[in-house]
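The values are calculated or read from the model by the stated rules, or taken from the named source; none is laboratory data. Computed from a prediction, not measured in an experiment: that's the story for all the values here. Ideal geometry is used to build each Cβ from the backbone, glycine not excepted, and the neighbour counts take in all protein chains shown. Note: accessible area is taken over every heavy atom of the protein model, side chains too, but ligands, DNA and RNA are not part of it. Shrake-Rupley method; radii C 1.70, N 1.55, O 1.52, S 1.80 Å.
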Amino acid sequence: MANRKTTNAATKTTAKTAPKTTVKKPSAKPQEKKKILFVASESTPFIATGGLAEVIGSLSKSLAATGKFDVRVVIPLYSDIKKELRDKFTYLGNLYVHLAWRNQYCGIFSCEQDGVTFYFIDNEFYFKRPGCYGYFDDGERFAFFSRSVLEIMPFLNFYPDVMHCHDWQAALAAIYLKTNYCFREEYQFIRALFTIHNIEYQGQYSLDLLCDLFDIFGEYRYLVEYKNSINLMKGAIECCEKFSTVSPRYAQEIKNPYFAHGLDRIIRNNEFKLVGILNGIDDVGYNCALDSHLFANFTADDFSNKAVCKSELQKMLNLPQKPDTPIVAMVSRLVSHKGLDLVTNVIEELLQDDIQFVILGTGDAHFEGYFSDLARRYPDKFSANIVFNGDLSRKIYSGSDIFLMPSKSEPCGLSQMIACRYGTIPVVRETGGLYDSIKPLENGYTFTNYNAHDMMYVIRQAVSDYKNKEEWSKLMYRAATTDFSWSHSAKEYEALYLDMLK
């Protein structure tokens with residue numbers, strides 16, 4: 001009993017005299033970054049044939065800059081990638097990719113750029129050729145590429161939370177993920193997002209090639225079969241958790257047969273998972289204050305040097321140097337859906353006005369020939385530059401006064417945004433991303449109907465307003481300061497990824 005009392009007393013004494021201790025809460029673990037893998041056929045700064053490459057390069061960089069994502073991009077290793085860029089690549093290893101009866105070599109290279117890890121799929125049989133597209137075996141080339149994307153994941157020990165595939169060339173990556181690879185445990189939690197940059201190009205092939213070329217067998221035939229042929233874009237839409245377009249307006253338009261190139265029924269059936277997010281542009285690369293391509297730099301607060309750009313452009317293109325004559329410009333592929341039939345209908349009537357017209361681009365022989373002949377007949381009024389020239393395009397954006405984009409359809413369009421950045425006022429038709437990005441008298445002019453005389457009326461309105469220098473300067477300022485950066489678009493993609501991962 002005595003011992004028991006002593007023990008109790010000792011315990012009480014200890015409890016009274018023991019110093020207080022602060023219990024530290026365990027520090028919160030840093031939130032793990034979500035893993036995003038872009039699968040695309042091209043990306044800046046390595047290889048580019050159009051707007052797709054700019055989207056991949058800029059969006060991946062913007063997402064990585066948030067610090068919330070581990071962003072990686074995989075593209076083919078084309079022979080056209082410049083040597084000074086290839087010299088920076090690191091060889092990681094190789095494996096063999098099984099596709100139907102083929103067993104093809106796949107080399108893996110990597111490079112880090114702006115916080116993004118880029119992977120390059122090497123196979124000289126498929127990719128050691130000039131250019132990126134336009135070969136008879138493009139279906140086989142991009143089937144191998146898509147299959148390789150899934151095969152290199154174990155090699156890299158990188159399984160993304162979201163695999164973001166772009167256009168038909170990467171559509172098979174989403175299809176393979178949800179078919180041939182869906183029974184492998186490590187692939188089962190990868191979400192697939194498919195983005196349509198241009199619904200006109202869908203990856204359509206004969207059904208005879210289903211097994212032999214694409215390694216898709218009977219039980220999955222229904223996913224890619226459409227109108228008695230293989231349609232890879234249709235298959236990706238069916239397989240992915242979400243699919244998106246590059247502007248909200250275009251997301252609505254492609255439910256309509258006029259815009260959908262035959263896929264409207266598939267779009268409507270899957271519209272519950274459709275999202276439209278407007279592209280941005282690289283506002284650092286397109287900066288009139290820093291752009292080394294310009295004859296003279298200027299800012300939105302001081303456009304005085306834009307007059308120098310205009311004068312030097314007129315001189316370069318052998319046009320009379322008239323500071324008060326507005327230059328109307330087009331930088332475009334010379335194809336019909338860019339609205340060039342509207343232009344050819346009224347251009348000679350427009351050239352009777354006090355304007356100069358400059359066009360830059362390549363495309364259909366019919367349009368190339370027509371505009372070249374027009375330049376011969378109107379040497380003081382019209383300049384045709386039938387060439388792809390990035391340096392000249394910057395000089396035209398900065399030296400022109402009005403920028404024309406009368407597209408029949410335009411998923412997003414980047415040229416109207418670039419023109420705004422250089423204080424050149426867009427005249428656009430209200431379609432796709434043109435509708436979403438250009439607002440009448442806020443940063444440009446618009447017309448609704450696909451009609452040549454509607455277009456001409458609005459061009460003449462812009463030319464008339466150009467004469468009011470005070471109001472025109474205000475319009476230039478509003479255009480040049482419109483926020484077309486990727487930061488807003490990146491936030492929308494961030495929300496979309498997180499929604500897919502719930």
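Scan region 235-256 for residues that are open to solvent by 10 Å² or more (accessible area, probe 1.4 Å) and within 13 Å of residue 193 (Cβ to Cβ) and jot them down.
Step one: filter region 235-256 for residues open to solvent by 10 Å² or more (accessible area, probe 1.4 Å), giving 238-239, 241-242, 248-249, 252-253, 255-256.
Selection gives 239, 241, 242.
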Residue check, residue 308 open to solvent by less than 50 Å² (accessible area, probe 1.4 Å) and either touching a residue at least 12 places away in the same chain (Cβ under 8 Å) or in a loop (DSSP other than H, G, I, E, B) (or both)
no
Scanning for something of a type in the set (Lys, Arg) and open to solvent by 60 Å² or more (accessible area, probe 1.4 Å), does region 450-466 turn up at least one residue?
yes
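Give region 407-431 a look and list any residue that's over 27 Å from residue 321 (Cα atoms) and assigned to a loop (DSSP other than H, G, I, E, B), or say none. So that I can check it myself, show each step before the final result.
Of region 407-431, the ones over 27 Å from residue 321 (Cα atoms) are 407-414, 429-431.
407, 408, 409, 410, 411, 412, 413, 414, 430, 431 - these are the residues of region 407-431 that are over 27 Å from residue 321 (Cα atoms) and assigned to a loop (DSSP other than H, G, I, E, B).
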Are any of the residues in region 363-383 assigned to a loop (DSSP other than H, G, I, E, B) and among the aliphatic types (A, V, I, L, M)?
no
Name, by its number, the condition in (1) within 25 Å of the chain's Cα centre (by Cα); (2) touching a residue at least 12 places away in the same chain (Cβ under 8 Å) that does not hold for residue 440.
(2)
Which numbered condition in (1) surrounded by 21 or more Cβ atoms within 10 Å (Cβ to Cβ); (2) small (Gly, Ala, Ser); (3) over 21 Å from residue 247 (Cα atoms) is the only one that residue 480 fails?
(3)
So which residues in region 327-359 are under 19 Å from residue 422 (Cβ atoms) and either open to solvent by 10 Å² or more (accessible area, probe 1.4 Å) or in a strand (DSSP E or B) (or both), if there are any at all?
327, 328, 329, 330, 331, 332, 356, 357, 358, 359
For residues that are at pLDDT 95 or above and in contact with a Lys or Arg (Cβ under 7 Å, 6 or more places away or on another chain), scanning just region 47-78, find the one that is surrounded by the most Cβ atoms within 10 Å (Cβ to Cβ).
69
Any idea which of 328, 343 is of a type in the set (Val, Ile, Thr) and in contact with a Pro (Cβ under 9 Å, 6 or more places away or on another chain)?
343
Among residues belonging to region 91-118 that are surrounded by fewer than 16 Cβ atoms within 10 Å (Cβ to Cβ) and among the aliphatic types (A, V, I, L, M), point out the one that is farthest from residue 181 (Cα to Cα).
92
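Taking region 253-284, which residues are assigned to a strand (DSSP E or B) and either at positive phi or not β-branched (Val, Ile, Thr) (or both)? Working first, answer last.
Applying the first criterion (assigned to a strand (DSSP E or B)) to region 253-284 yields 274-276.
The answer is 274, 276.
Taking into account only those residues within region 27-36 that are under 22 Å from residue 173 (Cβ atoms) and open to solvent by 10 Å² or more (accessible area, probe 1.4 Å), which is modelled with the lowest pLDDT?
Keep residues of region 27-36 that are under 22 Å from residue 173 (Cβ atoms), which gives 33-36.
Going one step further and asking which of them are open to solvent by 10 Å² or more (accessible area, probe 1.4 Å), we end up with 33-35.
Values: 33: 91, 34: 95, 35: 97.
In this case the residue turns out to be 33.
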All but one of (1) without any contact (Cβ under 8 Å) to a residue 40 or more places away in the chain; (2) touching a Phe, Trp or Tyr at 6+ places or on another chain (Cβ under 7 Å) hold for residue 84, so report the exception by its number.
(2)
Any residue in region 278-295 that is over 20 Å from residue 203 (Cα atoms), of a type outside the set (S, T, N, Q) and in contact with a strand residue (DSSP E or B) (Cβ under 7 Å, 6 or more places away or on another chain)?
yes
Going by the structure shown, is residue 469 of a type in the set (D, E, K, R), at pLDDT below 95 and open to solvent by 10 Å² or more (accessible area, probe 1.4 Å)?
yes
For region 380-407, how many residues are open to solvent by 40 Å² or more (accessible area, probe 1.4 Å) and either touching a Cys at 6+ places or on another chain (Cβ under 9 Å) or among the polar types (S, T, N, Q) (or both)?
1
Take residue 454 and decide whether it is among the charged types (D, E, K, R), over 26 Å from the mean Cα position of the chain (by Cα) and under 30 Å from residue 258 (Cα atoms).
yes
Which one is surrounded by the fewest Cβ atoms within 10 Å (Cβ to Cβ), of the residues in region 408-423 that are of a type in the set (Gly, Ala, Ser) and either within 18 Å of the chain's Cα centre (by Cα) or over 25 Å from residue 477 (Cα atoms) (or both)?
409
Meets criteria (within 26 Å of residue 80 (Cα to Cα) and in contact with an Asp or Glu (Cβ under 7 Å, 6 or more places away or on another chain)) for residue 132
yes
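Would you mind listing the helices (runs of 4 or more DSSP H) fully within region 105-219 where at least 3 residues are under 22 Å from the mean Cα position of the chain (by Cα) and in contact (Cβ under 8 Å) with a residue 24 or more places away in the chain? Before the answer, list the steps.
Details: elements: 124-127, 138-156, 171-178.
Of the helices (runs of 4 or more DSSP H) lying wholly inside region 105-219, those with at least 3 residues that are under 22 Å from the mean Cα position of the chain (by Cα) and in contact (Cβ under 8 Å) with a residue 24 or more places away in the chain span 138-156, 171-178.
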Got a number for residues in region 233-252 being not in a helix (DSSP H, G or I) and not small (Gly, Ala, Ser)?
6
Condition first: more than 24 Å from residue 208 (Cα to Cα) and open to solvent by 10 Å² or more (accessible area, probe 1.4 Å). Now tell me which residues in region 159-184 satisfy that.
159, 161, 182, 183, 184
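Please enumerate the residues belonging to region 428-444 that are surrounded by fewer than 24 Cβ atoms within 10 Å (Cβ to Cβ) and on the phi < 0 side of the Ramachandran plot.
Going residue by residue through region 428-444, those that are surrounded by fewer than 24 Cβ atoms within 10 Å (Cβ to Cβ) are 430, 435-436, 439-443.
430, 435, 436, 439, 440, 442, 443 - these are the residues of region 428-444 that are surrounded by fewer than 24 Cβ atoms within 10 Å (Cβ to Cβ) and on the phi < 0 side of the Ramachandran plot.
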Restricting to region 443-456, what's the tally of residues that are touching a residue at least 40 places away in the same chain (Cβ under 8 Å) and assigned to a loop (DSSP other than H, G, I, E, B)?
2
